[in-house]
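Undergrad: I'd like to ask some things about the structure below.
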Amino acid sequence: DLVEALQTMDVRDGPIEMPITTETEIGVLTESFNDMSRRIHMARSELRAKIAELEAANREIRETQARLVHTAKMASLGQLVAGVAHELNNPIGFLYSNMTTLRDYVHKLESLIEVGSVNPAQLAEKKIEVDYDYIVKDLPKLIASSEDGARRMRDIVVKLRNFSRLDEAKLKKVDLRDGLESTLALLQGELKNRIKIHTHFGDVPEVLCYASQLNQVFMNILSNAAQAIEGDGEIWIETDMADSSGAKMARVRIRDSGKGVSPEVAEKMFDPFFTTKGVGQGTGLGLSISYEIVKKHGGDIHVHSRPGQGAEFEILLPVEGPGLKS
């Protein structure tokens, strides 16, 4: 009976109680078995409760992490939108102004045509009244200026679409230069008239990647570089090839002339919630998210910095995609 009870212990949901029918060693053994069965059942129940608690805690951590990542993305998006709005504001402003002037010109030309059709003799006098010669001279400039404003808005929208690449959610071969240039274009509001950009794009093949995610990495690093520079400064961007464990790696280096940080601080820069910015100025998740994205692509990211010497971020990405070697 004890052997059969031991064999069924794994499949029964509850303690096994064996009747004690003798006071011999078998009875003592049966009593010990019953006590062991109760203890095992209690331990199993406690273990199930602990597992349920851990699963609930894990779900809560994942949900919190998702919310925090969303918060960091929204903060980055807010900064991006502010820059795009600033860049769009100028062409929209003079385009709107041009439309007001163009409407005035159209009304004057309409009145001129009307006079010419009703009383041609007064046409010369009316031309002087509406300043016809100036309109003829200024109208092509007005149209060209409006076309330039519309072209600038179109270019900004195209760069924004290329940056987000919402139509390229799958792995696709892309030119890293396009992503870097699109990101720089969207950061112009924060960079221009203050930070000089130096670029040197080497002979790098297209990289199999999630383009929008890598653009998010470039945005985070370039935005941090701009914020690390107090007043005027410079940012250098270089791309070239490197080898790592027999794999062809595309390398992107972004260096700034900012204030830099100590090696001890640099080691913590990819930790979640770590930030050197003031309270309310950063979530401390931008570089952590960037680190995860690069790792997801099978690449690596390093930061080199010293106080007063700026910082350099080095990103390595496998050309043939995540986890693949060429």
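The values are calculated or read from the model by the stated rules, or taken from the named source; none is laboratory data. Since this is a predicted model, take the numbers as computed values, not measurements. Counting neighbours? That spans all protein chains shown, and the Cβs are built from the backbone with ideal geometry, glycine included. What goes into the accessible areas is simple: the full protein's heavy atoms, side chains included, and nothing from ligands, DNA or RNA. Shrake-Rupley method; radii C 1.70, N 1.55, O 1.52, S 1.80 Å.
Undergrad: Which percent of the accessible area of the stretch 128-247 is formed by carbon and sulfur heavy atoms (probe 1.4 angstrom)? Don't skip to the answer; put the middle values down first.
TA: Values: 3180 of 6460 Å².
Ligands and nucleic acids excluded, carbon and sulfur give 49 percent.
Undergrad: Which order do PHE94, PHE218 take by accessible area at a 1.4 Å probe, largest first?
TA: Solvent-accessible surface, decreasing: PHE94, PHE218.
Undergrad: Residues with beta-carbon under 13 Å from that of SER262, excluding SER262: net charge, scoring Lys, Arg +1 and Asp, Glu -1?
TA: +1
Undergrad: Just how far, in whole angstrom, is the stretch 1-69 from the stretch 222-267 if you go by their alpha carbon centroids?
TA: Cα centroid of the stretch 222-267 versus Cα centroid of the stretch 1-69: 55 Å apart.
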